[in-house]
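First up is the structure itself, then whatever we jot down about it.
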Amino acid sequence: MPPTSSTSASTALDDVIILQSQAPDAALVAYDVRTGAHVKSYTRASRGAAGGVAALGDTKLLTLSVDKRALDAHDLTKESLENSSVLSERPSAIATSGDGAYACAGSASGACAAWDAKTGRLLARWKAHFKAVSCVKFSACGGVIVTGGEDGAVHAWRLSTLFDEEGGASGGGGGASAWRSWTEHALGVRGLALGGLRGVGGDVTIVSCSGDRACKIYSLASGAVLRECRLPTALTCVALDACEATLYAGGVDGRVFEIPLNAAPSIGASLDGGADARDGIVALEGHAKALVSVECTRDGAAIITASEDGTARIWDAASRQTLHILRHPKASICATVLVPRSRYSGQGRGDAGAEKTRSKPTPPPTFSKFLIGAGDRSGVKPWQGPNVVIRSSSSAKRQRREMRVDEDAGAGDVATAAVPDAAETADIRVRLNHALADAAKANADVEQWKTLYLELKQLVDRQLVDSDA
């Protein structure tokens, strides 16, 4: 994201990195990127997921609770959880647009859902992948959602098509059609990165990585595969620096690979001696287990990596030296997110025009669970029958009490109660006699069919005996 007027290059390191653990009772821990000091902890009560945390604007934080199948919302200034929204499917990845207008979550079934982040209204739900959605990203302009799945595919979806009541229904069976699709990976996609710069024609760079050891670079405008780089280990995460000149990829062996994108495209010797990587690749070593995330500061001065070994490292991009080592109290880290430091200190470093007083933050909305209408392209059909009223035990007891009260109140008015007249009584008796006659006729028919069945069975038995003789 390019620096804004209130955020200069000298304040990029004033960001805060938030670490999420896979432990069910582990809190979210926030550290200052510049100093490495602990800033705040956020209460959680459920297990997190890879890619399960995202910043909603500059004030809110969204996290996935896999065990509870919920989407939790936090205020950056409060340690306690603000609210939790139950989802219709088990979530697997979460992302928000840069302006905080939309939120999108992928599920283990391959479906995606998009909400209006300000109202919580579910805007669209569609089938994005055949297998679980592993990662979701918004473009810098917020008009495109890019998803990666365990099926090895990368899809780009236009929000204008997804939110259009008549668009996206051409896939047959309620499916939505992707704007761009790439199926270059042999294994599931593990990480995605989108460039924040816009080239000629508004092009956006998309990078994906997979367990097949490959990084793929695509053009969103043309849909072409621009470049491919193979590394000596399976990859789990990827990131681009602010200038899109360097690509960082994290591996399962704990190494972070620095790949210069402006280098010569000739094939060179890889780090393990094979001829399948490009020249100029450098490995940053320090983590003991697989990488779960790679983040770049907005000025490109530092790289932040997190690993399953429970540590996060802040690297100086120029010298490739470790500046700080951050630790999570509950071992394995599963996801990270960068948020502005100004939300904690009241103003950012060097922000002379920052507001001295802040308005009271609005509570986050409850995200809707269902969407019934033309925007629902996930294949889930609404209930078509009549409304079903389920009475609780308390309502049944209340109804019985009301009946007893009515009986007590009307005990003295028995004589005035409505009594059927003689004509109505005679009509009821006639209908009862007809019903009894019909029942007797039905019983007689059953007995007759039983007799015919026994006679037929005896006839068949005699014929079989005669034939055997």
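The values are calculated or read from the model by the stated rules, or taken from the named source; none is laboratory data. Only a predicted model underlies this, so the values are computations on that prediction, with no experimental measurement involved. Cβ sites come from the backbone with ideal geometry, for glycine too, and all protein chains shown count toward neighbours.
Of everything in segment 53-67, what is in contact with a helix residue (DSSP H, G or I) (Cβ under 7 Å, 6 or more places away or on another chain) and among the basic types (Lys, Arg)? Give them in sequence order.
Going residue by residue through segment 53-67, those that are in contact with a helix residue (DSSP H, G or I) (Cβ under 7 Å, 6 or more places away or on another chain) are 58-59.
Matches in segment 53-67: none.
Could you please give the count of residues in segment 230-272 that are at pLDDT below 90 and outside any loop (DSSP other than H, G, I, E, B)?
2
Take segment 124-160 and flag every residue that is assigned to a loop (DSSP other than H, G, I, E, B) and surrounded by fewer than 24 Cβ atoms within 10 Å (Cβ to Cβ). Working first, answer last.
Within segment 124-160, the first condition is being assigned to a loop (DSSP other than H, G, I, E, B), and the residues that meet it are 128-132, 139-143, 150-153.
Within segment 124-160, Phe130, Lys131, Ala132, Ser139, Ala140, Cys141, Gly142, Gly143, Glu150, Asp151, Gly152, Ala153 meet the criteria.
If you check Leu123, Leu159, which single one turns out to be at pLDDT below 95 and under 22 Å from Ser219 (Cβ atoms)?
Numbers: Leu123 fails: under 22 Å from Ser219 (Cβ atoms).
Going through Leu123, Leu159 in turn, the sole match is Leu159.
For (1) assigned to a loop (DSSP other than H, G, I, E, B); (2) modelled with pLDDT under 90; (3) closer than 24 Å to Arg227 by Cα, each residue gets a yes or a no:
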position	(1), (2), (3)
Gly274	yes, yes, yes
Ala283	no, no, yes
Ser293	no, no, yes
Ala312	no, no, no
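Got a sec? Which of Ala95, Ala50, Ala113, Ala105 is assigned to a loop (DSSP other than H, G, I, E, B), within 11 Å of the chain's Cα centre (by Cα) and surrounded by 20 or more Cβ atoms within 10 Å (Cβ to Cβ)?
The conditions single out Ala50.
Conditions tested, residue by residue: (1) within 27 Å of Ala290 (Cβ to Cβ); (2) among the charged types (D, E, K, R); (3) in contact with a helix residue (DSSP H, G or I) (Cβ under 8 Å, 6 or more places away or on another chain).
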{"residue": "Asp25", "(1), (2), (3)": "yes, yes, no"}
{"residue": "Val33", "(1), (2), (3)": "yes, no, yes"}
{"residue": "Val39", "(1), (2), (3)": "yes, no, yes"}
{"residue": "Arg44", "(1), (2), (3)": "yes, yes, no"}
{"residue": "Gly51", "(1), (2), (3)": "yes, no, no"}
{"residue": "Arg69", "(1), (2), (3)": "yes, yes, no"}
{"residue": "Asp75", "(1), (2), (3)": "no, yes, no"}
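Could you please let me know if Arg298 is crowded, with 18+ Cβ neighbours inside 10 Å, under 18 Å from Cys243 (Cβ atoms) and at pLDDT below 90? Working first, answer last.
Details: crowded, with 18+ Cβ neighbours inside 10 Å: yes; under 18 Å from Cys243 (Cβ atoms): yes; at pLDDT below 90: yes.
Against the criterion (crowded, with 18+ Cβ neighbours inside 10 Å, under 18 Å from Cys243 (Cβ atoms) and at pLDDT below 90), Arg298 qualifies.
Only one of these is among the basic types (Lys, Arg) and under 26 Å from Ala312 (Cα atoms): Lys118, Lys60. Name it.
Numbers: Lys118 fails: under 26 Å from Ala312 (Cα atoms).
Testing whether each residue is among the basic types (Lys, Arg) and under 26 Å from Ala312 (Cα atoms) leaves just Lys60.
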